[in-house]
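Trainee: The structure's right below; bear with me while I get my questions together.
The values are calculated or read from the model by the stated rules, or taken from the named source; none is laboratory data. Small disclaimer: the values here were computed from a predicted structure and weren't measured. Cβ placement follows ideal geometry from the backbone for every residue including glycine, while neighbour counts extend to all protein chains displayed. When the accessible area is computed, the model is the full protein with side chains, heavy atoms only, and any ligands, DNA or RNA have been set aside. Shrake-Rupley method; radii C 1.70, N 1.55, O 1.52, S 1.80 Å.
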4 protein chains.
Amino acid sequence: MNLKLAHTKGFASDNWSGVSPEVMEALQMANQLHHPAYGENDPMIQQAEKRFQEIFETDCKVFFVYNGTGANVLAVQHLLKSWQAVVAPHSAHLNEDEGGAPEKFTGGKILTVDCPDGKIRPEQVEPFMSSIGFQHHVQPKLISISQVTEMGTLYSLHEIKALADFAHQQGMYLHLDGARIANAAVALGVSFSEMVTQTGVDVLSFGGTKNGLMFGEAVVFLKPELAEGFEYNRKQGMQLASKLRFITAQFLAYLENDLWKRNAKQANAMASLLADELEQVNGIRLSRAVEANGVFAIMPKELIPKLQQEYFFHIWNDSQNEVRLMCSFDTTAKDVQGFVAAAKRLLK
Amino acid sequence: MNLKLAHTKGFASDNWSGVSPEVMEALQMANQLHHPAYGENDPMIQQAEKRFQEIFETDCKVFFVYNGTGANVLAVQHLLKSWQAVVAPHSAHLNEDEGGAPEKFTGGKILTVDCPDGKIRPEQVEPFMSSIGFQHHVQPKLISISQVTEMGTLYSLHEIKALADFAHQQGMYLHLDGARIANAAVALGVSFSEMVTQTGVDVLSFGGTKNGLMFGEAVVFLKPELAEGFEYNRKQGMQLASKLRFITAQFLAYLENDLWKRNAKQANAMASLLADELEQVNGIRLSRAVEANGVFAIMPKELIPKLQQEYFFHIWNDSQNEVRLMCSFDTTAKDVQGFVAAAKRLLK
Amino acid sequence: MNLKLAHTKGFASDNWSGVSPEVMEALQMANQLHHPAYGENDPMIQQAEKRFQEIFETDCKVFFVYNGTGANVLAVQHLLKSWQAVVAPHSAHLNEDEGGAPEKFTGGKILTVDCPDGKIRPEQVEPFMSSIGFQHHVQPKLISISQVTEMGTLYSLHEIKALADFAHQQGMYLHLDGARIANAAVALGVSFSEMVTQTGVDVLSFGGTKNGLMFGEAVVFLKPELAEGFEYNRKQGMQLASKLRFITAQFLAYLENDLWKRNAKQANAMASLLADELEQVNGIRLSRAVEANGVFAIMPKELIPKLQQEYFFHIWNDSQNEVRLMCSFDTTAKDVQGFVAAAKRLLK
Amino acid sequence: MNLKLAHTKGFASDNWSGVSPEVMEALQMANQLHHPAYGENDPMIQQAEKRFQEIFETDCKVFFVYNGTGANVLAVQHLLKSWQAVVAPHSAHLNEDEGGAPEKFTGGKILTVDCPDGKIRPEQVEPFMSSIGFQHHVQPKLISISQVTEMGTLYSLHEIKALADFAHQQGMYLHLDGARIANAAVALGVSFSEMVTQTGVDVLSFGGTKNGLMFGEAVVFLKPELAEGFEYNRKQGMQLASKLRFITAQFLAYLENDLWKRNAKQANAMASLLADELEQVNGIRLSRAVEANGVFAIMPKELIPKLQQEYFFHIWNDSQNEVRLMCSFDTTAKDVQGFVAAAKRLLK
């Protein structure tokens, strides 16, 4: 077969990469004879849930879905009635980049707050609480945060806990969009349990695709009672895979032998290297803190298209000439050095 | 890695099987360096669309999605406003087995007709036309049929054309749920173009997962103008894969060297063999015509659980002791003979 | 002002009539100075709720809405998640005549049963219970019945209780569409409490418009805990009137001095008279039991359009030449006699 | 009947008032014998539509609905697919005060802009256009403005035209929320045709309830071809009144002999008087331009609750001690003077 592949390795996004060899191997191992469809009476599902429970050190409930939009939207809508609202940073993937899926599926509203560093604080949620009990307004019921944020920044454990505490005091829930949760755990040097369970997060979108899986994310309910009926939501949300074993097997490989950690470490380390190198380049400057696997930089307008020809990446803020450079598990020091060398060459 | 797999090969469903070796190979080939996410500026997508256009002999538009529910629901809702309705057999997967996803996503109603053989006729749609122009009723706008039907039967080309003609005379569309379209084409000995394009089908859910793919289906708009804006629907419907190349590559493998045909031929042949063998067994009788890869049979009540211990399969109609036996691309004559032998042994 | 009114009094529907003088008077009384909008801190609302609580002999919660579709759809969806389903007779107004509003607003499915007399029985709901726990199917959660039914028939108190008991045993709810509940109470000679509270109905659409109000229905939660948050649903459902006092005042007039009873009695009596008279007419025969204010009759095909010229009414079943003749609170014996005389004259 | 009415006439909102005598009279006139339900074959509907067409000087299509939320939500969603978005000021009633109904019914998103004076400008819509063609973002398709705005301000005809022109250049529509359109027309001294038809507005929510009607608003499609199928939307949106004549008759009275104009003139004049008088009061100052029937003022914190005891009104911005004082068609100079006198007295 002759695939017309686009072989340039660049810094466009961590979902431009392929999959880890261990993941591909798991897919092949899973490809044996017959296995129950849809996860029903499936021993692998039980094995995977047990693994999650070990890692999160709690009796969580785990549901595999196809993608991050599915995980976020289903998690959020499961906990809300249509007249209840999510509060989130305006920059949240849930708000900006899911094509209106949250509104379509929940039938409700996202109340947003401008958060320049991508992080929302309890005092920014507070003003929405005045709507409670007022029948003309949607009723805030859930706070959604991203860790790593869309701005490449990280919440400290303390900050997450403060949000969870605030939410619970108000009778609300806290959702964490963990599309890059492995990068966050590695960057903070904490376990998933410390970051999620112990801070009080209620429901988590646990990402895999951006860190070496082929497809598949997990919705993790840290409080098992909140999960009731989620299987029907997943089905109605068109996120139930028939050959579910091929998602489950990837997650088993991902959580075994710390594959998730090795992958995230590499991505983060390369972002760090890239940031260090770029700081040395005259005419380029970092525009945001580099806390995980993303680097944001401002560079001369005319450099951008030329550099994109060699290493593809996305413009983040056109008017500021700010670009986003994402590193992934397969980014190498050579890739970084090649990129920086190209930038220098083209700047001359 | 130690996967807890359920290794019994049975006759539960064609989505209990794994994937064809050619498909696994394509996944490995696709796993090279970086490749555009979401299919944007992706040469593989163009290659795949071209292949579909050759096969369907028309300028169709093709969109890859995760699963059959996604394909059906998005195809149908794309052509409807929420006050317009789908007309379908009551037994349609769209009506019975998609967990309410059509209602949730379209916001509309499915008008159903009892069709004992799984096939709807124009004269069964006709009565709904009296609602046209009556503001209290939903307005029928689309007919949805399954080929192969959920009852294992097939529409003739003539029957499909009659439905398409009726639909178009009424200002309606015809959707074909082709979860098992390869089995249908092989069984009828016709091309996809003859069955779909030339009969006048407007939009098709082109299945892959039940015939040897890992995941992925295609929504095919036979009239390209109907596809306008579908990419936004797919995204909002949570069916846009980030690493889309891994669906595209599977389809390229599937459509190359007639893999789809070889797989479907094997499944159909095994169903035929199974039917022939079961007819010889005293106490078992076929309950429906065997036209593709499904066999429906009535067997003694007490036999069923014992036989399920050895070869898992589903009960179709509990009160009738009717079971459904699905053959798939990896079913072998040995599997069939083993099953029949077990039935005979247990019947003694 | 010169209104182009259509002054023929006929038998089309009980919503072709105007309003009772007492209701018009209440509207005028309510039209004094200023009064809180949206029912907030509104003493009239409290007065009305108290009146309902007396009549239903329970601590019910009452919410006024604009119309019957609003009452039905909001009541039903309030108790369901989108993956849960309503079970109802196929002939239910909720299923047939609300233009898809239930599907749009609940995002879910109506599971229907053919009920020739318009009445569903527990044994017809039973088969749907096999879907419980099966993730591919919607989950039945509520039974909806109409009293009077769309076929003009009545459930006995025993029959309602049997449905409520069945529902509760299964963890389901019972909803009663009482668009013509006053006609039912009068016909059965029972109180609202006996018919609704004491049989175990969970939520009720309490109709007014078809029995002498201008606009306005009430959603009555017989179990107050089920009402939680309903005010947000009503608002989101676009059914919160700003000048709500004009609905409240109508209901106060309606429930005072038994206006509801006098109106319904008149309508029922006229239906009874009409049935008696029609039975005497050669060539016309009653097609259904006359239990409340509707009369169904079969008459010669050629008579229908001629008679409709003089007294408008609707054809119920075209192929059977069956017509529906609705009596309302303002139908008089003279109207009935005039109609029957016209029929006789035209039949000659 | 003894209605527990709240008789204080205050400045809470123009929907705390009752109805004009002419409107009450029209209701009584309409209450004669029988009349077609749901507006079907209803001569009054045709009469009313003709009246609208005269006033708007174009072949517009008119649909009556129950309330402003219904008018706005149905108008907007009729022109959008769920993946298309409305652009509106953040302060829009559609965004802030409709309890999530737009999201629920359209399944889509509202993109908002901060507009301190309640008015959006084309250059504020412009940035959203960069989402066009990007499959991850909702696609802007409609601009919605309020005239009078929620801040009591007015768009000039030139400003409306600029928005309409911008919208049409971008392939978008312009919706006008005219809950207080009569107040706007009177304030600007222009006809409805000049303000709406000639500026290029595509669809209008024509308000009545806030200017002397009991209930009822009209959705007016200025381009009749945009109205296709709207009757099904209205029904599915639960906004079709069965005794529709009682809305139609109100509108006929409202548009006859310039009732709308007299009512709005009175309300505007009283706001103007109130503003003039308040400006004289030491310790109170106007916080926004008074352009129609609303007055916004800042007053001492301790004054507010005391004054509310005598004349109820709403606090607009708690932290600023800003209150909103709405005048309506039945506000008199004596009411205004009484209010100002009370303020002065309480301020001592």
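Trainee: Please compute the per residue accessible area over region C:21-257 with all protein chains in place, 1.4 Å probe, rounded to a whole number of Å². List each step's numbers first, then the result.
Mentor: Numbers: 6620 Å² over 237 residues.
Ligands and nucleic acids excluded, the figure is 28 Å² per residue.
Trainee: Let me ask something else about it. Can you pull a Stokes-Einstein diffusion coefficient for region B:198-348 at 37 °C (0.692 mPa s), Rh from Kirkwood over Cα pairs, as a whole number of µm²/s? Let's see the in-between values first.
Mentor: Working: Rh = 18.0 Å.
For these conditions, the coefficient is 183 µm²/s.
Trainee: So what's the convex hull volume per residue for the Cα atoms of chain A, in Å³? Write down the numbers at each step before the final one.
Mentor: On the way: hull volume 50.2 nm³, N = 348.
So the per-residue Cα hull volume is 144 Å³.
Trainee: Separate question: At 20 °C and 1.002 mPa s, what whole-number value in µm²/s does Stokes-Einstein give for the translational diffusion of region B:259-347, with Rh from the Kirkwood sum over Cα pairs? Intermediate results must be reported in sequence, preceding the final value.
Mentor: Details: Rh = 13.0 Å.
Using the Kirkwood radius from Cα pairs, D works out to 165 µm²/s.
Trainee: While we're here: Apply the Karplus parameterisation 6.51 cos²θ - 1.76 cosθ + 1.60, with θ equal to phi minus 60°, to every residue of region D:11-26 and state each ³J(HN,Hα) to the nearest whole Hz, in sequence, with x for glycine and proline.
Mentor: 10, 5, 6, 6, 9, 8, 6, x, 10, 5, x, 4, 6, 4, 5, 5
Trainee: Could you give the distance between the Cα centres of region A:193-217 and region D:272-334, to the whole Å?
Mentor: Cα centroid to Cα centroid, the span is 52 Å.
Trainee: Okay, next question. Take the Cα coordinates of region D:178-261, assign each an equal point scatterer, and use the Debye formula without solvent to give log10 I(q)/I(0) at q = 0.11, 0.12, 0.24, 0.27 Å⁻¹.
Mentor: -0.32, -0.39, -1.31, -1.40
Trainee: Using a simple spin-label model with points 7 Å from Cα along the Cα→Cβ vector, what separation in nm is obtained for C:N257 and D:A289?
Mentor: It is 5.4 nm.
Trainee: Right, here's the next one. What residue of chain B has the nearest C-beta to the axis that moves B onto C, and what is that distance in Å, given as a whole number?
Mentor: Chain B residue with minimal Cβ-axis distance: B:E103, 2.
Trainee: Tell me the carbon and sulfur percent of the accessible area for region A:214-336, rounded to whole percent, probe radius 1.4 Å.
Mentor: Details: 2000 of 4440 Å².
The nonpolar share, carbon plus sulfur, comes to 45 percent.
Trainee: Name the long-range amide H neighbours of C:L174: under 5 Å, sequence gap of 5 or more, or other chain; modelled H, no Pro or chain starts.
Mentor: C:I143, C:D202, C:V203
Trainee: Out of all DSSP beta bridges in the protein assembly as shown, what portion is antiparallel? Express it as a percent rounded to 5.
Mentor: Details: 76 of 144 bridges.
Close to 55 percent.
Trainee: Right, next: Going 7 Å from Cα along the Cα-Cβ axis for the label, what nanometre distances separate C:H168 from the same residue across the other copies?
Mentor: Nearest to farthest, the other copies are at 3.6, 5.8, 6.3 nm.
Trainee: Please list, short to long, the whole-number percent of alpha-carbon pairs of region B:20-131 in consecutive 5 angstrom bins beginning at zero.
Mentor: Using 5 Å bins, I get a P(r) of 2, 10, 13, 15, 16, 13, 13, 8, 6, 2, 1, 0 for region B:20-131.
Trainee: For D:S287, list long-range residues whose amide hydrogen, built 1.01 Å from N in the peptide plane, is under 5 Å from its own amide hydrogen.
Mentor: D:F296, D:A297, D:I298
Trainee: With solvent modelled as a 1.4 Å probe, how much accessible area in total do chains A and D shield from it at their shared surface, in Å² to the nearest 100? Before the final figure, lay out the partial values.
Mentor: On the way: alone 16120 and 16110 Å², together 30930 Å².
Buried area between the two chains comes out at roughly 1300 Å².
Trainee: Along the charge dipole of region B:259-347, pointing to its positive end and built from +1/-1 on Cβ of Lys, Arg, Asp and Glu, which listed residue (B:Q280, B:T332, B:H314) has its Cα farthest out?
Mentor: Positive-most Cα among the choices belongs to B:T332.
Trainee: A further question on this structure: Any idea what the dipole of the protein assembly as shown comes to, in debye rounded to 20, about its Cα centre with Lys/Arg Cβ at +1 and Asp/Glu Cβ at -1? Working shown, then result.
Mentor: Working: 124 positive and 156 negative charges, 0 e Å.
Taking the Cα centre of the protein assembly as shown as origin, the dipole is about 0 debye.
Trainee: Moving on. What part of the accessible area of region B:16-136, given as a whole %, is carbon or sulfur when the probe is 1.4 angstrom?
Mentor: On the way: 1960 of 4010 Å².
Percent of accessible area from carbon and sulfur atoms in region B:16-136: 49.
Trainee: Rounded to the nearest 5, what % of the DSSP beta bridges within region C:21-257 are antiparallel ones? Mind dumping the intermediate values first?
Mentor: On the way: 9 of 26 bridges.
Given both bridge residues lie in region C:21-257, the antiparallel proportion sits at roughly 35 percent.
Trainee: Could you check the spin-label model distance between D:H168 and A:I315? Points 7 Å from the Cα along Cα→Cβ, value in nm.
Mentor: For D:H168 paired with A:I315, the spin-label model returns 3.1 nm.
Trainee: Now for a separate question. Against the empirical 2.2 N^0.38 Å scaling, what ratio does the C-alpha Rg of region A:279-318 come to? Present the calculation step by step, with values, prior to reporting the outcome.
Mentor: Numbers: Rg = 10.5 Å, N = 40, 2.2 N^0.38 = 8.9 Å.
Ratio of Rg to 2.2 N^0.38 Å for region A:279-318: 1.17.
Trainee: Ok, one more. Starting at the first residue of region B:325-336, write each ³J(HN,Hα) from the Karplus equation 6.51 cos²θ - 1.76 cosθ + 1.60 with θ = phi - 60°, in whole Hz, x for Gly and Pro.
Mentor: 10, 9, 9, 10, 4, 9, 6, 10, 4, 5, 4, 4
Trainee: Here's something else I'd like to know. Mind listing the label-point distances from B:T332 to the same position on all other copies, shortest first, one decimal in nm, points 7 Å along Cα→Cβ?
Mentor: So the distances to the same position in the other copies read 4.1, 9.0, 9.9 nm.
Trainee: If you find the alpha carbon centre of region A:218-233 and of region C:46-98, how far apart are they in angstrom?
Mentor: Here the two parts' Cα centres lie 29 Å apart.
Trainee: Mind checking the dipole of region D:21-257: about its Cα centre, +1 per Lys or Arg Cβ, -1 per Asp or Glu Cβ, Debye to the nearest 20?
Mentor: The calculated dipole for region D:21-257 is roughly 420 debye.
Trainee: Give, ordered by residue number, each residue of region A:92-106 whose 1.4 Å probe accessible area is reduced by a minimum of 50 Å² on adding the remaining protein chains to the chain alone.
Mentor: Residues passing the criterion (a loss of at least 50 Å², heavy atoms only) are A:D97, A:G99, A:E103, A:K104, A:F105.
Trainee: In region C:230-246, what residues drop by 50 Å² or more in accessible surface going from the chain by itself to the full protein assembly, probe 1.4 Å?
Mentor: By number: C:Y232, C:K235, C:Q236, C:M238, C:K243.
Trainee: Take the Cα gyration tensor of region D:97-251, multiply each eigenvalue by 5, square-root it, and list the three semi-axes largest first, rounded to whole angstrom.
Mentor: 25, 21, 15
Trainee: Can you list residues whose amide H is under 5 Å from B:V113's amide H, if they're 5+ apart or on another chain and H is modeled 1.01 Å from N?
Mentor: The list, which skips near neighbours in sequence, is B:A88, B:H90.
Trainee: Given a Förster radius of 45 Å and the C-beta distance between D:E54 and B:S156 as r, what FRET efficiency does 1/(1 + (r/R0)^6) yield to the nearest 0.05?
Mentor: Computed FRET efficiency for D:E54 and B:S156: 0.15.
Trainee: Okay, moving on. From the label point of D:E40, set 7 Å along Cα to the beta carbon, how far off in nm is each other copy's matching point, shortest first?
Mentor: Ordered by increasing distance: 3.9, 4.3, 5.0 nm.
Trainee: Between B:K306 and B:D117, what is 0.36 nm times their sequence separation minus the Cα-Cα distance? Round to one decimal in nm.
Mentor: Working: separation 189, 0.36 × 189 = 68.04 nm, distance 2.87 nm.
Extending this stretch completely gives an extra 65.2 nm.
Trainee: Still on this structure: Looking only at other chains, what is the average number of their beta-carbon atoms within 10 angstrom of each beta-carbon in D:13-20?
Mentor: Details: counts 5, 3, 9, 9, 6, 11, 6, 1.
Mean inter-chain Cβ contacts per residue within 10 Å come to 6.
Trainee: Going down the table (C:K235/D:K104; A:K119/A:K301; B:K61/D:K81; C:K243/D:K235; C:K50/C:K235), which pairs top 18 Å between alpha carbons?
Mentor: Working: C:K235/D:K104 11 Å; A:K119/A:K301 28 Å; B:K61/D:K81 20 Å; C:K243/D:K235 22 Å; C:K50/C:K235 22 Å.
Beyond 18 Å: A:K119/A:K301; B:K61/D:K81; C:K243/D:K235; C:K50/C:K235.
Trainee: Give me the accessible area per residue for region C:259-347, probe 1.4 Å, as a whole number in Å².
Mentor: Details: 4040 Å² over 89 residues.
Averaged over the residues of region C:259-347, the accessible area is 45 Å².
Trainee: Mind jotting down the three principal axis lengths of the protein assembly as shown based on Cα atoms? Whole angstrom, largest first.
Mentor: 85, 83, 53
Trainee: Treating only the Cβ of Lys, Arg, Asp and Glu as charged (+1, +1, -1, -1), what charge dipole size does region B:259-347 show about its Cα centre? Round to the nearest 20 debye.
Mentor: 140 debye
Trainee: Using the Karplus equation 6.51 cos²θ - 1.76 cosθ + 1.60 (θ = phi - 60°), what ³J(HN,Hα) coupling, rounded to whole Hz, does each residue of region A:256-261 give in order, writing x for Gly and Pro?
Mentor: Residue by residue, region A:256-261 yields 8, 6, 6, 4, 3, 6 Hz.
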